[in-house]
Amino acid sequence: MPMMLQFANVLVFLAVGIFFLVFSLTLSSLVRPYKYSAEKLSPYECGENPVGSPWIQFNIRFYVFALIFIVFDVEVVFLVPWAVVFKKLGMFAFVEGLIFIAILAVGLAYVWAKGDLQWVRPEERGSLAER
Amino acid sequence: MEIAVFLFLSGIAIVAAANILVQRHPIYSALSLIVTFVALAGIYIQMHAEFIAVMQIVVYTGAIMVLFIFVIMLLNAGAEQKVPDKVHVVKYFGLPLASLLIFEAGLTASRTFDGEGIPVESASINLSGNTEMIGRALYTQYALPFEVTSVLLLVAIVGAIVMAKKEL
Amino acid sequence: MDGSLALEIPQIFPEIALSVFGIAILLLDTFLPKSKRHAATGIALAAIALTAVFTLGLVGEDGTFFSGMIVVDGFSIFLRITFLVVGALTVLASSSYATRENLAVGEFQALVLFAIVGMNLMAASNELIMIFLGLETLSIASYILLGIKRSDAKSNEAALKYFLLGSFSSAFMLYGIALAYGATRTTNLEAIGREIAAGSAGMTLIYVAVGLLFVGFGFKVAVVPFHVWTPDVYEGAPTPISAFMSVGPKAAGFAVLVRVLMVAFPAAYAKWLGLVWLSAVLTMFVGNCVALVQSNIKRMLAYSSIAHAGYILVAVATRNQEGVAALLFYTLTYALMNIGAFTIVSLVSRQGDRKTYLDDYAGLGFKQPGLAAALSIFLLSLAGIPLTAGFAGKFFIFRAALESKFVWLAIIGVLNSAISVYYYLRVIVVMYMKEAPDDWSPVAMSSSAIAVIALSVLGILQFGIFPDMLISLARSSVIGYR
């Protein structure tokens, strides 16, 4: 099984990575002195005194972006096999893939036209509000 | 060797999955879920489903978990508060019943499913690349479902925008 | 390989047309100025009309296409027409509603078209994977449609509830599909049937798979014990979408259930028959008995739709051609009466969907006699009073049940119809026997809503007084059914 042996490399990397992580953390926890103070336990913000909690409410646009990203991520999943086989399968498979891309391009155009690809939406900027 | 790797990966998957439930803060649960997904990807590789394994990481850990974490941040969900259980029935009967069900399912499975499933010929999978086989199936036999998927994704995009936007 | 698939494209012209028009509406809606966006309704209607032409062009076709993914036969064509009728009525009913509630018309109508695509694909699927994709297209479109009134908490609740439970049920179904594939190494319905008949499939896996599939479809069509989401979802949803949800996905779910059980798993189905029987009885009783005590008319119609799912499940349980024909007849006529009733509910509820209680109907019979008369016809038809399509539908179903020796199912069904008369008549009594409140405001009519009501009344009376035409059409649609 040559294929599996190639993945053995990944496994070795994984194991070594986990080992280093566990090893160094355990080692440092064994040798380090334990002296806590309020300042030490506060989050590190480049030397500034932290203001407020780091758990703030995210902007909803992160969510919209992530959602659209997933859709196009799934599109990529389908296009990888297409890239592998479309030459062997001929015209029909090629056109199939193009239709797939075209339908999702409609989705992209829709999102774009609705102004969701811009961080500051045009209607909020005020200049292009009359669409 | 293969058994050892499988036990290692499935052990990680189960421990991480249990950790999802134990953790009180949703962010930690989400991070644990990522570990589970990566371990599952390893198991997929063992099953010769290399393409699925890579997609597991690209789609699940790469995109869906990002969305999860964004949503947790969006909802600003802090550590889970302990709410006293109002329904005691759940408390006292839930776990015993669940374990009984799992035990029963395991018993049934071990007794009756022996040799019921039909093995996939793994020889043919090794012949050509896994991705190529998926591509061939997807673009010939499953051509129509493939195109329907694009319509499905389009509807999902529209849904995301309609649901999340303030003003259409 | 290249040409053969391309030659089969005409078989899915209906779905292609709907998808293309749906996309066109989305794009037009985005780039047109706000004042012209109501054009979406016209385009959607044109799309449905064109699709109907394509669908009727398929009449006489019989076979499987796209490597066995799609089956075009009388059954699927009849159902496609049913879905187009449902879609056309929903589009019409929602056009004035969307304006009144200030909803996004373009997205609304495009999503209705995509939902029809999903239902059509479900009806024509010959493959578990195709069924799942069609179902998901339908489901995702309906999640959005349910929650499209985004400022309304009840609409959000409806969307969220249906989304969560719908996802669970999809997972059940996928697990069932996976087990069926594991036992037979195919997801093609006919091939599964052949494998099982040849005895080369593991039957325990198959039984579990059929059970899981039944759970999944049971959620979609809302049969007891998988019905609990229905009242909350129908109550919170935009009313035309409540109407759509109570007929479209229900018909599609039952259609697929029948095809899956009868083509792929006839042997396993016989094993589960007792549970289907029990589920049908419980569904009829729970739906009708709980509907008795509802004061909100949308919730009452929701429970009534659960009860009707029970009647249709009786048709599924008969497992004979007469039963399937009765199912086809029933889903189409039920669509007419339920969409009609919900349309009137949506009109009476005024802006914001507030007036949905029984008392809001007091005096409607004197203030707006035409509207009250139409609602009475719909309710009488739902109750199954003779000379309405509802009576004919129930008659065919119970006769099919008697023919296949389900005497008790038929008796319980008739008993339940008698129970249901009480709560349908109660609305009519309130409309004609109670005084209208002093602060009565007239119900605003729109031409599209009047069209929906008129078409539904015509259909109900036509199929109620002369059911022969439709039932013989349904029978001939079943004959080619393997």
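Only the coordinates and a few stated rules stand behind these numbers; no lab work does. What you see is a predicted model; the values in this text were computed from it and never measured. All Cβ positions, even for glycine, are placed from backbone atoms using ideal geometry, and neighbour counts span all protein chains on display.
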Seminar exercise, completed: Between the modelled labels at C:Leu32 and C:Asn156 (7 Å from Cα along Cα→Cβ) the distance in nm is 3.0 nm
Seminar exercise, completed: Shape call for chain A, from the Cα gyration tensor axes a ≥ b ≥ c (a/c under 1.5 means rounded, otherwise prolate when a/b beats b/c, else oblate), comes out oblate
Exercise. On average, how many beta carbons from a partner chain sit within 10 Å of the beta carbon of a residue in C:29-40?
Worked result: 2
Seminar exercise, completed: Quick calc, the stretch C:2-479, dipole around Cα centre from Cβ unit charges on Lys, Arg (+) and Asp, Glu (-), nearest 20 debye, gives 680 debye
Exercise. What's the local net charge at C:Leu58, with K and R +1, D and E -1, over the other residues with C-beta under 15 Å away?
Worked result: -4
For this session: Please sort by residue number the trypsin sites (Lys or Arg not before Pro) in the stretch C:377-410 whose DSSP state is loop and whose Cβ has at most 10 other Cβ atoms within 10 Å.
Result: C:Lys405
Exercise. To the nearest 500 deg cm²/dmol, what mean residue ellipticity at 222 nm is calculated for chain C from DSSP H runs of n ≥ 4 alone, each contributing -39,500 (n - 2.57), summed and divided by the residues?
Worked result: -26000 deg cm²/dmol
Problem set entry | Potential extension, C:Asp468-C:Val414 segment - 0.36 nm per residue separation minus Cα distance | 17.3 nm
Exercise. So how far, in whole Å, is the C-alpha centre of the stretch C:286-325 from the one of the stretch B:1-23?
Worked result: 46 Å
For this session: Evaluate the relative contact order of the stretch B:1-80 (contact order divided by residue number), counting alpha-carbon pairs under 8 angstrom at least 6 apart; express in whole percent.
Result: 33 percent
Problem set entry | For chain A, the longest site-free run once chymotrypsin sites (Phe, Trp or Tyr not before Pro) in DSSP loop states with at most 16 other Cβ atoms within 10 Å are removed | A:59-118
Problem set entry | Gain upon complete extension [B:Asn19, B:Ala98; 0.36 nm per residue less C-alpha separation] | 26.6 nm
Exercise. What shape does the protein assembly as shown have by the C-alpha gyration tensor, where a ≥ b ≥ c are the square roots of the eigenvalues, rounded means a/c under 1.5, and otherwise prolate means a/b greater than b/c and oblate the rest?
Worked result: prolate
Exercise. What does the charge add up to near C:Tyr330, with Lys and Arg as +1, Asp and Glu as -1, over the other residues with Cβ less than 15 Å from its Cβ?
Worked result: +3
For this session: Within the set of other residues whose C-beta is less than 13 Å from the C-beta of B:Leu152, count the net charge using Lys and Arg as +1 and Asp and Glu as -1.
Result: -4
Exercise. What's the center-to-center distance, using Cα atoms, between the stretch C:193-266 and the stretch C:17-33 in Å?
Worked result: 32 Å
Seminar exercise, completed: Rounded to the nearest 10 degrees, the helix C:389-403 long axis (Cα) sits at an angle to the longest Cα principal axis of chain C of 30 degrees
Exercise. Roughly what would the spin-label model give for C:Ser447 and C:Lys367, points 7 Å off Cα along C-beta, in nm?
Worked result: 2.6 nm
Seminar exercise, completed: Shielding of C:129-141 by other chains, given as the mean Cβ count within 10 Å, works out to 4
Exercise. Is there a pair in A:Lys114/C:Lys36; C:Lys250/C:Lys298; C:Lys250/C:Lys405; C:Lys154/C:Lys394 whose C-alpha atoms are over 23 Å apart, and which pairs would that be?
Worked result: C:Lys250/C:Lys405; C:Lys154/C:Lys394
For this session: Round to the nearest 10 and give me the degree value, 0 to 90, for the angle of helix C:468-479's Cα axis relative to the longest principal axis of chain C.
Result: 30 degrees
Exercise. Ranked highest first by average number of other Cβ atoms within 10 Å, how do C:355-368, C:205-218 line up?
Worked result: C:205-218, C:355-368
For this session: Mind checking C:115-126 for the average number of partner chain beta-carbons within 10 Å of each residue's beta-carbon?
Result: 1
Problem set entry | Sum of -39500 (n - 2.57) over DSSP H runs of 4+, divided by residues of chain A (222 nm, nearest 500) | -23500 deg cm²/dmol
Exercise. For C:Leu425 and C:Ser404, FRET efficiency with R0 = 25 Å and r from the beta-carbon atoms, rounded to 0.05?
Worked result: 0.20
For this session: Using the Cα centre as the reference, give the magnitude of the dipole from point charges on the C-beta atoms of the protein assembly as shown (Lys, Arg: +1; Asp, Glu: -1; all else neutral), rounded to the nearest 20 debye.
Result: 1220 debye
Seminar exercise, completed: Comparing A:Val16, A:Val74, A:Val120 in a Gaussian network model of chain A (Cα, 10 Å), the one with the largest mean-square fluctuation is A:Val16
Exercise. How would you classify the stretch B:1-80 from its alpha-carbon gyration tensor, with a ≥ b ≥ c the square roots of the eigenvalues: rounded for a/c under 1.5, else prolate if a/b is greater than b/c, otherwise oblate?
Worked result: oblate
Seminar exercise, completed: Nearest 10, in degrees from 0 to 90: the angle of helix C:105-124 to the longest Cα principal axis of chain C is 30 degrees
For this session: Rank the residues C:Leu113, C:Leu160 as a footprinting-exposure proxy: fewest other Cβ atoms within 10 Å of their Cβ go first.
Result: C:Leu160, C:Leu113
Seminar exercise, completed: Note: C:Lys434 to C:Asn296 extended length (0.36 nm per residue) minus current alpha-carbon separation gives 48.0 nm
